[in-house]
Amino acid sequence: QVQLVESGGGLVQAGGSLRLSCAASRRTFSGYTVAWFRQAPGKEREFVGAITWSGGSTLYADSVRGRFTIARDNAKNTLYLQMNNLKPEDTAVYYCAADYVGLSTVVGNYDYWGQGTQVTVSS
């Protein structure tokens, strides 16, 4: 079992930055992929980015590439999502997820999810 807890969401103006954190209960994420997804009101949950914990390979959605960066802290078992140049369309609940899936973008491939953190970007 893996428990994930997100934090760091909030309200920010367009062009601003936020950093989300995802803390894990598991002692190590070795072999896992850990990812960020988001869900806006009335829309399906969508892939934002992912990182393979062991190798550090990353994959990003086209909509965030160049603005968002995923990083991990092995010692703290924590995943981060640095979000820069935020846009109103980035407004959503952001979730972290984990599983043994490679760099998957598919929601259904992840069994472990956090509760989500709200990000609101005002224009």
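The values are calculated or read from the model by the stated rules, or taken from the named source; none is laboratory data. Values in this document were obtained by computation on a predicted structure and should not be read as measured data. All Cβ positions, glycine included, derive from the backbone under ideal geometry; neighbour counts span all protein chains shown. Calculation scope for accessible area: heavy atoms of the full protein, side chains included, ligands and nucleic acids excluded. Shrake-Rupley method; radii C 1.70, N 1.55, O 1.52, S 1.80 Å.
Among the residues of the range 52-62, just one is under 25 Å from Ser25 (Cβ atoms), crowded, with 18+ Cβ neighbours inside 10 Å and out of contact with any Leu (no Cβ under 7 Å at 6 or more places or on another chain), namely Trp53. Give the residue that is nearest to the chain's Cα centre (by Cα), with candidates limited to residues of the range 28-47 that are surrounded by fewer than 16 Cβ atoms within 10 Å (Cβ to Cβ) and of a type outside the set (Asp, Glu). The qualifying residue nearest to the chain's Cα centre (by Cα) is Gln39.
Figure legend. Inter-residue proximity from the range 71-82: first residues in a loop (DSSP other than H, G, I, E, B), second residues surrounded by 12 or more Cβ atoms within 10 Å (Cβ to Cβ), beta-carbon distance below 6 Å, spacing 6+ or different chains. Indicated pairs: Asn77/Ala24. When residues in the range 69-81 are screened for being open to solvent by 50 Å² or more (accessible area, probe 1.4 Å) and within 13 Å of the chain's Cα centre (by Cα), 2 of them pass.
Residue by residue, here is whether (1) touching a Gly at 6+ places or on another chain (Cβ under 6 Å); (2) among the charged types (D, E, K, R); (3) exposed (fewer than 14 other Cβ atoms within 10 Å of the Cβ) holds:
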position: Val64; (1), (2), (3): no, no, no
position: Arg67; (1), (2), (3): no, yes, no
position: Met83; (1), (2), (3): no, no, no
position: Ala98; (1), (2), (3): no, no, no
position: Ser104; (1), (2), (3): no, no, no
position: Val107; (1), (2), (3): no, no, no
position: Gln115; (1), (2), (3): no, no, yes
position: Gln118; (1), (2), (3): yes, no, yes
position: Ser122; (1), (2), (3): no, no, yes
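Considering only the range 6-27, state which residues are assigned to a strand (DSSP E or B), open to solvent by 50 Å² or more (accessible area, probe 1.4 Å) and out of contact with any Ser or Thr (no Cβ under 8 Å at 6 or more places or on another chain). Once the filter is applied, which keeps residues that are assigned to a strand (DSSP E or B), open to solvent by 50 Å² or more (accessible area, probe 1.4 Å) and out of contact with any Ser or Thr (no Cβ under 8 Å at 6 or more places or on another chain), the range 6-27 yields only Arg19. So which residues in the range 28-54 are assigned to a loop (DSSP other than H, G, I, E, B) and either of a type in the set (Gly, Ala, Ser) or closer than 20 Å to Ser7 by Cβ (or both)? Once the filter is applied, which keeps residues that are assigned to a loop (DSSP other than H, G, I, E, B) and either of a type in the set (Gly, Ala, Ser) or closer than 20 Å to Ser7 by Cβ (or both), the range 28-54 yields Phe29, Ser30, Gly31, Tyr32, Ala40, Gly42, Arg45, Trp53, Ser54.
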